[in-house]
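A.B. asks: A single structure is presented below for examination.
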Amino acid sequence: MPPGLRAQAAQKFADTIAQYSYHLATGFIGTPRLLPALHAAGRDDLAYALLLEKTYPSWLYQVNLGATTMWETLDGWTTGLAGLIATYDAVKELADRTEA
């Protein structure tokens with residue numbers, strides 16, 4: 001990204017996160033890149049706000065429900081065992097694609 005647009009892009013990034021009340025709104029691929037991207041944009045404050053959020057949808061919401069790994073769906077507990085198995089399937093699918 002051109003240096004002259006970085007501040008504007010960082011502000012748009014921050015505005016979008018605020019629009020979702022500091023809750024996760026990313027998919028399986030984007031979620032692991034979210035905190036590093038915020039850090040790169042100089043917005044560690046927003047990274048911590050997302051990380052420490054406890055209400056759905058968030059990482060700590062899953063942890064407070066007993067998660068020991070990141071579920072594929074943020075509400076995996078409502079889909080029962082199938083939602084928890086989906087976590088394994090998503091990781092296996094990623095591994096299969098990288099081996100091909």
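Read the figures in this text as sums done on the coordinates, not as results from a lab. No experiment lies behind these values; they were computed from the predicted model shown. Here the Cβ is made from the backbone with ideal geometry for all residues, glycine too, and neighbour counts use every protein chain on show.
A.B. asks: Please note which helices (runs of 4 or more DSSP H) are completely contained in the range 1-58 and include at least 1 residues that are within 22 Å of T69 (Cβ to Cβ) and within 14 Å of the chain's Cα centre (by Cα).
C.D. replies: The qualifying helices (runs of 4 or more DSSP H) are 31-40, 44-52.
A.B. asks: Could I ask something else about it? Just the residues that are over 13 Å from W59 (Cα atoms) and not acidic (D, E), please, taken from the range 28-46.
C.D. replies: Across the range 28-46, the qualifying residues are I29, G30, R33, P36, A37, L38, H39, A40, A41, G42, R43, L46.
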